[in-house]
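**Student:** The structure that follows is given in the form of structure tokens.
The values are calculated or read from the model by the stated rules, or taken from the named source; none is laboratory data. Here the structure is a predicted model, which means the values were calculated and not measured. Please note: Cβ atoms are built from the backbone with ideal geometry, for glycine as well, and neighbour counts cover all protein chains shown.
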Amino acid sequence: MSSPDRAVLSLLTDIFLSFDGAILGVTLAFGAVRAASKYASTSAALNKIRDSPEVSVSDLRSLIPPSDDESSHGSIVVVRGTVEPKVTGDGNHKNNVLTSQETGEKALIIHRTQTYMYSGWKTLFQLSNGHRFLLERSMPKQGADFMRMVPFVIVDKNQRSLRSSFLVVNMDGARQPLPLTTVYNRLQPINSSPYAFLQALFFPEYPVGMLDVEKILPPGRDLTAVGICSFNNGVPEIKSCQDLPYFLSDMTKDKMILELMDNTRVIFWGGVIMGCLSVGILGFAAVRAWNRWKLRNHQREPRQRPDQSMVDDEIEDADEIPDGELCVICVTRRRIPAFIPCGHVVCCRLCALTVERRSNPKCPVCLQSIRGSMRIYYS
């Protein structure tokens, strides 16, 4: 681990453990709440997928009869089939296929990302070791993101003709990850300018390369569509359900259920562990704060109680005090405590307490340093 990583880790540890770990407890409590919310949503998605029927494209009409009501929302179904381009008006689907510019492969969806790789010199000020110039690790930053797609449908695996049953895929509003295949991946270095040295010296970061990645969805691929199926002008259509984590996937329904069950199990126990830890840490911090508050009040009580008891004890016999037993400082109250270690009894309790509270307490008679006082009882 490098020096900056250790410094950041030490700083985060000090922050989380401050206030007796209260910040760490609050963070774990927030994580537990987020885990509970995620567990609820994942469990709901699991139940929806488990209860949804798994049908073929040809059985959709018997399962979901066409309705003239355009406002009907349809029902969630799981359809396994092969993706094919949608047929155009002239019966030809060749024009509805995209071609990759890099590989020349046919595709229904093309997703291309260009990510710039940054690097640079940064100054890390450390009081113990002075100035250090450390090379920053390469940081990927998004440069451009291009997405192209054409209308496509899902047909049965053994069916290649689009004149029979097919299911139109509506990609509007779909946010689930798509099962795309990477066909082009290249890291292109960026040529440095004549001022590269000055750029590296004065700028905290500068681009050193560009990662160009292209992913496609080829026709003829077997996929599973999970979404809301309805009829649009008599044609079956499926669109994504925002409550589900899948829309188009390579997994079958059984694999989706198994994956969601594992996710719910991990999220549940993770939330339970974080909740128990947060309760324990927050309880420990509350007990420590309560003990400190009681200790602070206990330390204040000896300063207040003796003063009151002094006045009560000394007012009772103030009129009958002989001259030889009067305090040498105030000359109004009786001499009661003896200084330690000299043993002189020359002050009343109030004046003795005042002497003890000085930065360098000394006996008023012998000027010897004292460590405290002790009350003397005469029998």
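**Student:** What is the one condition in (1) in the same structural domain as P85 (by TED's automatic domain parsing); (2) over 30 Å from D59 (Cβ atoms); (3) free of Cβ contacts under 8 Å to residues at least 60 places away in the same chain that K215 does not satisfy?
**Tutor:** If we test K215 against (1) in the same structural domain as P85 (by TED's automatic domain parsing); (2) over 30 Å from D59 (Cβ atoms); (3) free of Cβ contacts under 8 Å to residues at least 60 places away in the same chain, just (3) comes out false.
**Student:** I'm told F19 meets every condition in (1) of a type in the set (F, W, Y); (2) at negative phi; (3) at pLDDT below 75 except one. Can you identify the failing condition by its number?
**Tutor:** (2)
**Student:** Tally up the residues in segment 262-278 that are in contact (Cβ under 8 Å) with a residue 40 or more places away in the chain and closer than 16 Å to T27 by Cβ, please.
**Tutor:** Counting residues in segment 262-278 that are in contact (Cβ under 8 Å) with a residue 40 or more places away in the chain and closer than 16 Å to T27 by Cβ gives 6.
**Student:** Which of the following residues is touching a Leu at 6+ places or on another chain (Cβ under 6 Å) and at pLDDT 90 or above: L223, L244?
**Tutor:** Exactly one residue qualifies, and that residue is L223.
**Student:** Just checking, how many residues over segment 324-345 are out of contact with any Pro (no Cβ under 9 Å at 6 or more places or on another chain) and either part of a loop (DSSP other than H, G, I, E, B) or on the phi > 0 side of the Ramachandran plot (or both)?
**Tutor:** Qualifying residue count, segment 324-345: 10.
Yes/no per residue for (1) outside the structural domain of I257 (by TED's automatic domain parsing); (2) at pLDDT 90 or above; (3) out of contact with any Phe, Trp or Tyr (no Cβ under 9 Å at 6 or more places or on another chain):
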residue: A29; (1), (2), (3): no, yes, yes
residue: S37; (1), (2), (3): no, yes, yes
residue: V79; (1), (2), (3): yes, yes, yes
residue: N95; (1), (2), (3): yes, no, yes
residue: A107; (1), (2), (3): yes, yes, yes
residue: Q114; (1), (2), (3): yes, no, no
